[in-house]
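What follows is one structure encoded as structure tokens, with my remarks underneath.
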Amino acid sequence: HYARTILNQLDEMKTVLEEIKGLRQGKLRISVATTANYFAPTLLSIFYQRFPDINVNLNITNRKTLLQQLQDNEVDLVIMGKPPAESDLEASPFMENPLVIIAPPEHPLAQQQNIALTTLTQQIFLVRESGSGTRGAMERFFKEHQIKINTGMEISSDEAIKQSVKAGLGLGFLSYDAVQTELKLNQLVVLQVEHLPIRRYWYIVHRQGKRLSGFAQAFKQFMLNEAPDLLGKARITATPVHDL
Ligand code: PGA
């Protein structure tokens with residue numbers, strides 16, 4: 001406890017010194033959820049053009065590890081799904097993150113409309129690892145609707161899930177953000193299943209009361225004010241009511 005308090009104060013001191021130096025040089029430690037990998041580098045590169053002397057450390061990992069990193073004060077800012085309500089974190093939503101079921105175009109369900117959830121009990125799902133936010137939302141969704149699915153391979157990468165779905169190993173449950181390229185190339189399709197997509201959102205998160213450096217504040221504002229427009233997505237103006 002004492003060691004952590006001292007390290008946190010040293011960290012805060014560095015932030016204050018960076019502020020004194022002004023917004024010219026400094027370090028920004030950002031961690032993003034595995035799935036945010038599909039848009040975070042684009043946004044970072046735009047931000048980087050505005051502050052070319054900034055030293056960015058970008059880490060990509062799953063939800064469970066992100067929460068641990070926040071707890072250990074290893075990062076300035078995190079991009080992730082909604083953090084647990086009881087956590088000591090400040091979280092601001094900035095963009096939608098709908099989750100969908102994907103299949104290869106030749107799959108028997110690919111042409112069907114309004115597929116009943118019960119139909120899915122006959123299918124095999126390739127799922128993300130436990131500790132993934134996508135996986136957690138998928139499990140809550142099926143539990144809410146009292147559907148028991150068969151899970152096949154457990155895979156810790158959205159990319160590898162897409163490849164396995166294309167190869168016909170099963171259906172995937174992924175963020176719409178993660179499958180844009182494959183949908184455009186007609187390599188995958190989104191199944192038209194009732195009650196889907198799952199409504200989920202992206203948040204920019206940091207520890208409550210954390211003293212953010214000038215860069216970190218600038219990046220947070222950049223995400224909240226500009227990210228949706230830059231990515232051609234809808235802006236979130238109020239706290240989402242339903243966020244699985
Ligand atoms: P994940 O997080 O990449 O760990 O699945 C994404 C999310 O929380 O929706």
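The values are calculated or read from the model by the stated rules, or taken from the named source; none is laboratory data. Fair warning: this is a prediction, and the values are worked out from it, not measured in the lab. Note that each Cβ is placed from the backbone with ideal geometry, even for glycine, and that neighbours are counted across all protein chains shown. Note: accessible area is taken over every heavy atom of the protein model, side chains too, but ligands, DNA and RNA are not part of it. Shrake-Rupley method; radii C 1.70, N 1.55, O 1.52, S 1.80 Å.
Summary of computed values
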| read-out | value |
| --- | --- |
| Shape call, region 17-107: gyration tensor on alpha carbons, a/c limit 1.5 | oblate |
| On Cα atoms only, tilt of 40-50 relative to the major axis of the chain in degrees | 30 |
| Percentage of interatomic Cα-Cα distances in region 100-235 larger than 20 Å | 53 |
| Cβ charges +1 (Lys, Arg) and -1 (Asp, Glu), total dipole of region 152-244, debye | 420 |
| Net length gained if the chain between His145 and Asn186 were fully extended (0.36 nm per residue, minus Cα distance) | 11.8 nm |
| D_trans [Stokes-Einstein, Kirkwood Rh over alpha-carbon pairs] for the chain, 37 °C, 0.692 mPa s, µm² s⁻¹ | 170 |
| By average C-beta atoms within 10 angstrom, highest first, the peptides 135-141, 162-168 | 135-141, 162-168 |
| Euclidean distance of C-alpha centroids, region 131-184 and region 193-239, integer Å | 23 |
| Å² of accessible area per residue within the chain, as computed with a 1.4 Å probe and no ligands counted | 51 |
| For region 94-155, fraction of C-alpha pairs farther apart than 14 Å, in % | 64 |
| Rounded D (µm²/s) - region 69-180, Kirkwood Rh over Cα pairs, Stokes-Einstein at 25 °C, 0.890 mPa s | 156 |
| Sulfur and carbon atoms: percent of accessible area, the chain [1.4 Å] | 49 |
| Nearest 10 degrees, 0 to 90: helix 133-144 Cα axis against the chain principal axis | 50 |
| Gaussian network model of the chain, Cα within-10 Å springs - most flexible of Ile102, Ile115, Ile79 | Ile115 |
| The chain: calculated mean residue ellipticity at 222 nm from DSSP helix runs of at least 4, using -39500 (n - 2.57) | -10500 deg cm²/dmol |
| Helix 2-21 axis, angle to the chain major axis (alpha carbon atoms, nearest 10°) | 70 |
| Net dipole in debye of the chain [+1 Lys, Arg Cβ; -1 Asp, Glu Cβ; about Cα centre; nearest 20] | 140 |
